[in-house]
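Sharing a structure here in structure tokens format.
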Amino acid sequence: MQTKELLEMVQEVLDDHKGQNITVLDVIGKTSITDYMVVVTSTSERHAKALSEYVLEKVKENGFLPLGVEGQKGSDWVLLDLGDVILHVMTAQAREFYQLEKLWSVDRANESEELLG
């Protein structure tokens, strides 16, 4: 399965199951662990678990096995490692606290220049 197809599938499942504020972060060149991170807000811990299970079910139906899953039992943050796509399902409180979009939006080259400059 191509990365773009996987990314589109994840977004579609999240949208179909009421995931909120779906954001795709292109981290190509910023990390070697993945190409894209998808961050989505769930309405509750139960919703976070359900969203991650829906995505797992869909990718498995399409012959893709996830590399790992973290935080499914009673957690405000569930992580699905799908290789080229990593999914972060977070409650609003967790998303606000960790601010992943802000973390990954930093331009490393500009940051280095500012530190040296």
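The values are calculated or read from the model by the stated rules, or taken from the named source; none is laboratory data. Note that the structure is predicted; figures quoted are calculated from it, not measured. No Cβ is skipped: glycine too gets one built from the backbone with ideal geometry, and neighbour counts run over all protein chains shown. For accessibility, only protein heavy atoms count, side chains too; no ligands or nucleic acids. Shrake-Rupley method; radii C 1.70, N 1.55, O 1.52, S 1.80 Å.
Scan segment 7-36 for residues that are among the aliphatic types (A, V, I, L, M) and either modelled with pLDDT of 95 or more or assigned to a strand (DSSP E or B) (or both) and jot them down. I'd like the intermediate steps shown before the answer.
Pass one, segment 7-36, residues among the aliphatic types (A, V, I, L, M): 7, 9-10, 13-14, 22, 24-25, 27-28, 33.
Passing the criteria: 7, 9, 10, 13, 14, 22, 24, 25, 28.
Could you say whether any residue in segment 60-69 is surrounded by 14 or more Cβ atoms within 10 Å (Cβ to Cβ) and farther than 20 Å from residue 100 by Cβ?
In the first step, residues of segment 60-69 are kept if they are surrounded by 14 or more Cβ atoms within 10 Å (Cβ to Cβ); the result is 64, 66, 69.
The next check asks that each one be farther than 20 Å from residue 100 by Cβ; those that pass are 64.
Looking through segment 60-69, at least one residue is surrounded by 14 or more Cβ atoms within 10 Å (Cβ to Cβ) and farther than 20 Å from residue 100 by Cβ.
Restricting attention to segment 64-117, and to residues there that are charged (D, E, K, R) and modelled with pLDDT of 85 or more, which single residue is nearest to residue 33 (Cα to Cα)?
Residues of segment 64-117 charged (D, E, K, R): 70, 73, 76, 81, 84, 95-96, 101-102, 107-108, 111, 113-114.
Narrowing the set further to residues that are modelled with pLDDT of 85 or more leaves 70, 76, 81, 84, 95-96, 101-102.
Values: 70: 16, 76: 23, 81: 10, 84: 8, 95: 21, 96: 24, 101: 17, 102: 18 Å.
Checking each candidate, the answer is 84.
Of the residues 31, 3, only one is β-branched (Val, Ile, Thr), closer than 19 Å to residue 99 by Cβ and open to solvent by 10 Å² or more (accessible area, probe 1.4 Å); which? Outline the logic, then answer.
Numbers: 3 fails: closer than 19 Å to residue 99 by Cβ.
Checking each option against the conditions leaves just 31.
Condition first: open to solvent by 50 Å² or more (accessible area, probe 1.4 Å) and assigned to a loop (DSSP other than H, G, I, E, B). Now tell me which residues in segment 73-105 satisfy that.
73, 74, 76, 84, 99
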